[in-house]
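Report on the structure given below.
Each reported figure results from applying straightforward, stated rules to the coordinates on display, with no laboratory input. Every value quoted in this text rests on a predicted model; they were computed, and no experiment measured them. Backbone-built Cβ (ideal geometry, glycine too); neighbour counts: all protein chains shown.
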Amino acid sequence: MSKQCFFKQHNIEHIDYKDTDILKKFLNPHARIQGKKRTDVSATNQRKLALAVKRARFMGLLPYVAR
Amino acid sequence: MTTETAKTAGTVYEVGFHVVPTVSPENLPKEVDAIKAILGAQKATIISEEFPKLRNLAYTMIKAIGPARHRIDSAYFGWIKFEGPKETVAELDKALKGSDKILRYLIVKTVRENTIYGPKILSDEKREMTEKKPQASQEEIDKSIDKLVV
């Protein structure tokens, strides 16, 4: 059985790009966004998550690439 | 008409910005006040804000000030959440774009409520981890070891 969406579990409706502690949970060691099969996040929230990560990258809060 | 005005007035935006590190900490309030003045002039109301704090950037950014290109590795990051008409965004965008003190900025639509859950969730997880640790007594451990040995 698959896990419930992280954001639904914690009642998070708006995924904030400044909330890097949470966003980092969904990145792999190369700082790429993990797929929804790995994250177990609902499709809606996966899209919001991707947007938040991209905003955080633009603002220099998260890296585009990491080694 | 009234519903339309209520709708436009009810839009909540947030501007996140990096102030260049060459600005001294004493002059930081001036930069924040300049942004607030633009919002005030457009009759926007400030909902919440965070004063800029110096933080390391995830990658080196380049800021062109006049002919010089500066490589910047850290900056003062702050944000202001506000509510106002959509014209505010265009005005703010124009002002920040031309500023030499603002390294980078982002204006997004957001919600009135607090949207930062990270610290709370992490502390909750930590607490759960410590609570879930097996609390077997010394006797129980000895018994299980004896079983294994025999």
Evaluate the distance, in nm, between pseudo-label points positioned 7 Å from the Cα of B:SER123 and of B:SER24 along their respective Cα→Cβ axes. 3.6 nm
Going highest first, how would you order B:87-93, A:55-61 by mean Cβ packing within 10 Å? A:55-61, B:87-93
At a Förster distance of 35 Å, what's the computed FRET efficiency of A:LYS54 paired with B:SER144, Cβ-Cβ distance as r, to 0.05? 0.10
Within 10 Å of each Cβ in A:47-59, the average number of Cβ atoms from other chains: 2
Quick check: the distance between the Cα centres of region B:59-124 and chain A, to the nearest angstrom? 20 Å
Where only C-alpha atoms are counted, convex hull volume of chain A per residue in Å³: 78 Å³
Per-peptide average of other Cβ atoms within 10 Å, ordering B:109-116, B:33-40 highest first: B:33-40, B:109-116
For an R0 of 45 angstrom, estimate the FRET efficiency from the Cβ-Cβ distance between B:ILE62 and B:THR130 and round to the nearest 0.05. 0.50
Obtain the radius of gyration and the Kirkwood radius of the protein assembly as shown from its C-alpha atoms and give Rg over Rh. 1.12
Taking only DSSP H segments of four or more residues, each worth -39500 (n - 2.57), what value at 222 nm results for chain B once the sum is divided by all its residues, to the nearest 500 deg cm²/dmol? -12500 deg cm²/dmol
Using a 10 Å cut-off on Cβ to Cβ distances, tally the other chain neighbours for every residue of B:57-63 and report the average as a whole number. 4
Degrees separating the helix A:43-58 axis from the principal Cα axis of chain A, which is the longest one: 10 degrees
Calculated [θ] (222 nm, deg cm²/dmol) that DSSP helices of n ≥ 4 give over chain A, each run adding -39,500 (n - 2.57): -10500 deg cm²/dmol
Sort the following peptides by mean Cβ neighbour count (other Cβ atoms within 10 Å, averaged over residues), highest first: A:33-39, B:101-107. B:101-107, A:33-39
Using alpha-carbon pairs under 8 Å, 6+ residues apart, how would you state the relative contact order of region B:2-115 in percent? 44 percent
What does the average come to when, for each residue of peptide B:116-124, you count the partner chain Cβ atoms lying within 10 Å of its Cβ? 5
Looking at chain B as a GNM with Cα springs under 10 Å, which of B:GLY16, B:GLY66, B:GLY84 has the largest mean-square fluctuation? B:GLY66
